[in-house]
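The values are calculated or read from the model by the stated rules, or taken from the named source; none is laboratory data. No experiment lies behind these values; they were computed from the predicted model shown. Positions of Cβ are backbone-derived with ideal geometry, glycine not excepted, and every protein chain shown enters the neighbour counts. What goes into the accessible areas is simple: the full protein's heavy atoms, side chains included, and nothing from ligands, DNA or RNA. Shrake-Rupley method; radii C 1.70, N 1.55, O 1.52, S 1.80 Å.
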Amino acid sequence: MAELLIKNGLVLTFAPDALTGQMLEGGAVAISGGSIVEIGATAELEAKYPNAQAIDATGRLVMPGFIVTHSHMPYVLGHNMPVDFSQLHDFWDMLQKMGWEWLEDITTQEGVYAATRYAATKMLKNGVTTVCEFVEGPNALPGILDASAKAILETGIRAQVGYEVTERVPGGHILKNISVANAEQGLEENIAFFKKYPKGGGRLEGRLGLHTAFTNSRPTMERARQVANEYGVGIQVHIAEIPRAFVVEKHGMSAPQILEETGVLGPDVIAAHCIDLTDEDVAILARNKVNIAHTPMTNSFGGNGVARIPYMMQNGLNITIGHDDFFTLDIAEYLRYAFLLHKAHNANAMLLPIFQVLDMALGNAARAMGLQNQVGSLEPGKKADIIIIKPDSPSPVAPCSALSYFDMTFQGRQVETVLVDGRVVIENGRSTQVDEEDIAKQCQEQAKILWRKTGVNI
Ligand SMILES: [Zn+2]
């Protein structure tokens, strides 16, 4: 039995990975009950499932949806915000002013809802079917995660969501003003969410957000791990986006060292950034099997340096792609930037071939989120989270060229159809779930409200 048959496409299974995955010309994927039941030649599957509704993918690529492992969707409200750069002297100012004062601290639940609806829809339209979302907004508690969840459920994307646990006090200087009670409030927000969306309950589930080792004390880190274990959820955390010396000054040790000591690290952890790390720090992350969310565009924007991704790969770390929602939500931009950056940075064209970059947004990312049995590749039994791409290419996209297409030519707008749980959520490049004009308008309204709070006259 199959209800749906995607047929006549160039099927890229990416199972078990991009390099060795099967490429099937004239291929078909049969779907039933939201899952893939069979992959094979079109004629064979047509004969086997004569009553299935058909989606014709002639001239198109059929592949698993992309996965982004680090995201702050409400950040889209800050896109293009006029910023007084004379107030920003270094990354610390960028974080304190641009990140916190001018964005997170004045975020409202209405803003989170509007921005998340917009960002999740954009991600879907560009071929991202799963996202790990890290919500921040200390003055929008409690209930900020309800606003995020409502938007995510409406758009049709698959997500793990958590709220940042932080001792940072909004409005105060981070080095002088911290509060354990603030962290406790963040934990409560996560716990309330885990109860509403228990692990394995569907397309939305929790992942505890621990802001950083720098913005939390040892007891809070220990408590975060306890809560994650109690609810059977993973942890997401920022590591080493800021200089290593800052954390050493605060805790007497580096972020990986104190996160290991407090029991936070483990194979269920996704650590974003991971830039200023020593070889010993990398060894700590590797022995704890921590997953890395590489965010090269944000790190370049903030002048934070370049994470040593090739070195981390050599040391066995699982590398995935995050994007922080700072720029366009076109996954192609993030893939291409990661593909190019390490070659330029190390003057070595052999680093990060495209198959490794694709794995970062597919199989590696699924593993990092603990969803490797559900998404990240096309295989019978997995969720039917599938994208159909109509390449706009000057050359043939065939089995011999399909991987290179992703570093040379692919753009998110070439994604035509997107299925999540076997349901078509994007058809002919448009959302079937929400009114795109309306969500863009609402998002712009919320951006205006936020900008005005920063003194922008609009
Ligand atoms: Zn982040």
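Please work out which residue is least open to solvent (accessible area, probe 1.4 Å), limiting yourself to the stretch 319-337 and to residues that are within 16 Å of the ligand (Cβ to nearest atom) and more than 16 Å from Ile270 (Cβ to Cβ).
Filtering the stretch 319-337 for residues that are within 16 Å of the ligand (Cβ to nearest atom) and more than 16 Å from Ile270 (Cβ to Cβ), the one least open to solvent (accessible area, probe 1.4 Å) comes out as Leu329.
I'm trying to understand the selection: among the residues of the stretch 116-145, which are closer than 17 Å to Cys443 by Cβ, more than 15 Å from the ligand (Cβ to nearest atom) and hydrophobic (A, V, I, L, M, F, W, C)?
Ala120, Met123, Leu124, Ala140, Ile144
Determine whether Phe355 is within 16 Å of the ligand (Cβ to nearest atom), open to solvent by 30 Å² or more (accessible area, probe 1.4 Å) and either assigned to a loop (DSSP other than H, G, I, E, B) or in contact (Cβ under 8 Å) with a residue 12 or more places away in the chain (or both).
no
Can you tell me which residue within the stretch 246-277, out of those that are assigned to a helix (DSSP H, G or I) and within 16 Å of Ala307 (Cα to Cα), is farthest from the ligand (Cβ to nearest atom)?
Pro256
Criterion first (within 15 Å of the ligand (Cβ to nearest atom) and either more than 21 Å from Gln236 (Cβ to Cβ) or in contact (Cβ under 8 Å) with a residue 60 or more places away in the chain (or both)) does Val83 satisfy it?
no
Tally time: how many residues in the stretch 102-139 are modelled with pLDDT of 95 or more and part of a helix (DSSP H, G or I)?
17
Residues are listed down the side, and each one gets a yes or a no for (1) surrounded by fewer than 16 Cβ atoms within 10 Å (Cβ to Cβ); (2) assigned to a strand (DSSP E or B):
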| site | (1), (2) |
| --- | --- |
| Ile36 | no, yes |
| Ile39 | no, yes |
| Ala43 | yes, no |
| Ala47 | yes, no |
| Pro50 | yes, no |
| Ala54 | yes, yes |
| Gly59 | yes, no |
| Val62 | no, yes |
| Pro74 | no, no |
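If we scan the stretch 227-238, do we find a residue that is among the aromatic types (Phe, Trp, Tyr) and away from the ligand (no atom under 15 Å from the Cβ)?
The answer is yes; a qualifying residue exists.
With respect to the numbered conditions (1) more than 22 Å from Asp438 (Cβ to Cβ); (2) within 16 Å of the ligand (Cβ to nearest atom); (3) open to solvent by 20 Å² or more (accessible area, probe 1.4 Å), which one is the sole condition not fulfilled by Lys97?
Of the numbered conditions (1) more than 22 Å from Asp438 (Cβ to Cβ); (2) within 16 Å of the ligand (Cβ to nearest atom); (3) open to solvent by 20 Å² or more (accessible area, probe 1.4 Å), the odd one out for Lys97 is (2).
Can you name the residue in the stretch 289-318 that is open to solvent by less than 30 Å² (accessible area, probe 1.4 Å) and more than 16 Å from the ligand (Cβ to nearest atom) and, of all such residues, is nearest to Thr69 (Cα to Cα)?
Among them, the one singled out is Asn318.
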